[in-house]
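J.: Can you read through this structure? Questions will come right after.
The values are calculated or read from the model by the stated rules, or taken from the named source; none is laboratory data. Just so it is clear, the structure is predicted and the values come from calculations on it, not from any experiment. Because the Cβ atoms are built from the backbone with ideal geometry, glycine has one as well, and the counts that use them run over all protein chains shown.
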Amino acid sequence: MKVLVIICCLLCSFSIFSHEWQEVETSKLPLIFKQISWEKILASKNYKLEWRGEKMVSYSGCGEDFPELPGGFPCSFLSDEFSEGNGEVYPFDASGGKIALKISKENTKIGGKAFLISDEEEKDREEFLIRAFYRKDRFLSHYFYKNKLVIFRWEGKGQEKALTLIYIASFDSRGNITSFKRLKFS
């Protein structure tokens, strides 16, 4: 819970960010791909994982000063606060809602757990459209949502990290990148 409080405080201070997503030039992609371990991130989509049973948890929205993310990704999932514990239902948070969640039994090659995240409508259809991957330090590395990959860059030491960049890659039906954008925080 301590990490979640720190993240919420950091998000509240993010009123300064480029309000527009910037398209990244194709010539800059190789350098960015190297910095973010692109191949490892892409490979994570095909990891074969065993999942714990489903549980309902409450989540918090991001607020108006934070950019809207594909799939309506909630800010309370920017760090892994849910994999510990015995599957209890967390108290309802009026600023968000309830969401269905499955957590991997083992750590991934990225270092942390993976989540399958749904919402009430998707839960009824037994669909989990968001597949999120966490680093060893329990901060969100990236997530997949439909034809999009969203990648997070963090800076700082220990549990006091600040979100510095978000990348969004969009893919066509063959898996080719159709767009690569970034949003920089200052």
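J.: Show the residue pairs meeting these rules: Cβ distance below 6 Å; 6+ apart or different chains; first residue within region 130-148 and touching a residue at least 12 places away in the same chain (Cβ under 8 Å) and closer than 18 Å to GLU84 by Cα; second residue among the acidic types (Asp, Glu) and part of a loop (DSSP other than H, G, I, E, B).
T.: TYR134/ASP80; ARG138/ASP80
J.: Being at pLDDT below 90, at negative phi and hydrophobic (A, V, I, L, M, F, W, C), is that true of even one residue in region 37-57?
T.: There is at least one residue in region 37-57 that is at pLDDT below 90, at negative phi and hydrophobic (A, V, I, L, M, F, W, C).
J.: So which residues in region 132-156 are on the phi > 0 side of the Ramachandran plot and not in a strand (DSSP E or B)?
T.: The answer is ARG138, LYS146.
J.: Name every residue in region 161-183 that is loosely packed, with under 12 Cβ neighbours inside 10 Å and part of a strand (DSSP E or B), in order of residue number.
T.: THR178 - this is the single residue of region 161-183 that is loosely packed, with under 12 Cβ neighbours inside 10 Å and part of a strand (DSSP E or B).
J.: Against the definition (outside any helix (DSSP H, G or I), on the phi > 0 side of the Ramachandran plot and surrounded by 12 or more Cβ atoms within 10 Å (Cβ to Cβ)), how does GLY63 come out, yes or no?
T.: The answer is yes for GLY63.
J.: Which residue, of ALA169, ALA94, is at pLDDT below 95 and not acidic (Asp, Glu)?
T.: None of the others qualify; the one that does is ALA94.
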